[in-house]
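Q: Here it is, the structure in full.
The values are calculated or read from the model by the stated rules, or taken from the named source; none is laboratory data. The model shown is predicted, which means the values in this text are computed figures rather than measured ones. Cβ placement follows ideal geometry from the backbone for every residue including glycine, while neighbour counts extend to all protein chains displayed.
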Amino acid sequence: MSSSKKMFRNLRILLLLVSLLIGSVQTDPSMVLADASGNDVSNLLTDFEFSITQGGQVLEEGSVLTSDPFSIAFSFGVPVLGDTPEPTSYVQKGDFAQFIIDDFALVGGASVLDLVFNGIKLGTVELSPIDDGRKTQIRVVFDGEDEVFDGSFSEVTARLNANLEYVGNDQGLEDQNYTVTILGKTFTVKVPAIERIYSGQKTGVKRGDEIDWTLRVEVKQGDQHVSLAGYKLVDDLENVGLLVSADPSQYDFYIGSTNDRSSATKIDSSLIIKEGEKYSLMLPEGTLSPVFVFFTTKIAEDFVTNGTKTTTNVARLYKDDVEKLVISDAVSYDNRWIEKQAGLIEYKTETVDGIEKTVAYITWFITVNHMGASLPNARIVDV
């Protein structure tokens, strides 16, 4: 190569900086990919390096990745004719290089971008999902301007970024760790369990001076109901009323798989902890979502005076002492222990002391114990 030609190229250094934020350029069915008619020069690239950034942190080899998207940044040297000393093998126009990353998908789908430096096209980068999106192919086609490859440039370095996410294994019912290899480097990917969705309902029905309560708790992962063994249901009855139990030494809570109180089974009192009027129920082994819990409370004495009253009951579901669900219901009722109403008024003509008079007779109705409560030794006084 003549010295004048070397003077012409001036050992210019080209830095190819391409920020490929996936999704910034979306492929179109009519988009034409670069024509790579040359050779695969992937093995000719020099000083190949990459780094992974997730959650604002650069992760070294052996680090733990989450299943969240991350950015991967590549850099590599591109040997060209203008390098000194002149290389025996170098990248020519039309050549291409490609990398395949297993178990990771592009965030935002496929993209095609031009590599441009100071208005000069250097090549084309194609980011493509393959194997039904379970792998990502990064393909660089060196199809830029002739001067990039005719000896006018030297010491060419390319850099590019892509956004990826792990798709190697689906989420399951438990957290899982998987070992993966990304372009020769080993990492661990932590795939979290499918999120558990909690729902529930609480209803109270007044019956005399008692309220029958029904709790429904449902926990699902995806479409699957999960075991509730080990969950704790806490209900504070301090402002609700006393728990009604046939045996005061026992706690009458019943559990079932349907909203049928008559078919429910009494919960063993050894699984229930009482602190004041707060009851903590450990759901037993074999309990599968959804579950129904039944119990009855006595309306508190300060709530049995005449007038409209409201009793509110709140229950909380815990797993490993972490609150997962709050369910409540309010029962309003009109307390009327006794009422008196005038009924039929009947007029009669009577003779009193030889004088004929018209006398009115009123029939009175007294209704007591609207609540249907047990009232032993009750006495009604009308004055």
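Q: Being of a type in the set (Val, Ile, Thr), in a strand (DSSP E or B) and in the same structural domain as PHE50 (by TED's automatic domain parsing), is that true of even one residue in the stretch 163-175? Spell out the reasoning first.
A: Just the residues of the stretch 163-175 that are of a type in the set (Val, Ile, Thr), to begin with: 167.
Checking the rest, the ones that are also in a strand (DSSP E or B) come to none.
No, there is no match, as no residue in the stretch 163-175 is of a type in the set (Val, Ile, Thr), in a strand (DSSP E or B) and in the same structural domain as PHE50 (by TED's automatic domain parsing).
Q: Identify, by number, the condition in (1) exposed (fewer than 14 other Cβ atoms within 10 Å of the Cβ); (2) at pLDDT below 90 that VAL58 doesn't meet.
A: Tallying (1) exposed (fewer than 14 other Cβ atoms within 10 Å of the Cβ); (2) at pLDDT below 90, VAL58 fails exactly one: (2).
Q: Under the condition of being of a type in the set (S, T, N, Q) and surrounded by 11 or more Cβ atoms within 10 Å (Cβ to Cβ), which residue from the stretch 333-383 is modelled with the highest pLDDT? Give the steps one after another, and end with the answer.
A: Going through the stretch 333-383, the residues of a type in the set (S, T, N, Q) turn out to be 335, 341, 349, 351, 358, 363, 367, 369, 374, 377.
Pick out the ones that are also surrounded by 11 or more Cβ atoms within 10 Å (Cβ to Cβ) and you get 335, 367, 369.
Working: ASN335: 69, THR367: 81, ASN369: 72.
So, considering only residues that are of a type in the set (S, T, N, Q) and surrounded by 11 or more Cβ atoms within 10 Å (Cβ to Cβ), the one modelled with the highest pLDDT is THR367.
Q: Which condition breaks for ASP334 when tested against (1) without any contact (Cβ under 8 Å) to a residue 40 or more places away in the chain; (2) more than 21 Å from ALA300 (Cα to Cα)?
A: So ASP334 meets the others, but not (2).
Q: Which count do you get for residues in the stretch 249-264 that are farther than 16 Å from VAL217 by Cβ and in a strand (DSSP E or B)?
A: 0
Q: Another question about this same structure. Of the conditions (1) buried (at least 17 other Cβ atoms within 10 Å of the Cβ); (2) at pLDDT 95 or above; (3) within 30 Å of GLU339 (Cβ to Cβ), VAL293 fails just one. Which one is it?
A: All conditions pass for VAL293, except number (3).
Q: Whether any residue in the stretch 138-161 is more than 33 Å from the chain's Cα centre (by Cα), surrounded by 19 or more Cβ atoms within 10 Å (Cβ to Cβ), assigned to a loop (DSSP other than H, G, I, E, B) and in contact (Cβ under 8 Å) with a residue 60 or more places away in the chain is what I want to check.
A: Looking for residues that are more than 33 Å from the chain's Cα centre (by Cα), surrounded by 19 or more Cβ atoms within 10 Å (Cβ to Cβ), assigned to a loop (DSSP other than H, G, I, E, B) and in contact (Cβ under 8 Å) with a residue 60 or more places away in the chain, one finds at least one in the stretch 138-161, hence yes.
Q: Give me the strands (runs of 3 or more DSSP E) completely within the stretch 270-333, filtered to those with at least 1 residues that are closer than 22 Å to TYR251 by Cβ and of a type in the set (Phe, Trp, Tyr), ordered by residue number. Walk me through it before giving the result.
A: Values: elements: 272-275, 278-282, 291-298, 307-319.
By residue number, 278-282, 291-298, 307-319.
Q: Follow-up question, since we're still on this one. Tally up the residues in the stretch 334-371 that are among the small types (Gly, Ala, Ser) and part of a loop (DSSP other than H, G, I, E, B), please.
A: Going residue by residue through the stretch 334-371, those that are among the small types (Gly, Ala, Ser) are 342-343, 354, 360.
Still in the list and also part of a loop (DSSP other than H, G, I, E, B): 354.
Total satisfying the criteria: 1.
Q: Condition check: touching a Ser or Thr at 6+ places or on another chain (Cβ under 7 Å) and acidic (Asp, Glu). Does GLU238 satisfy that?
A: Numbers: touching a Ser or Thr at 6+ places or on another chain (Cβ under 7 Å): no; acidic (Asp, Glu): yes.
Answer is no for this residue.
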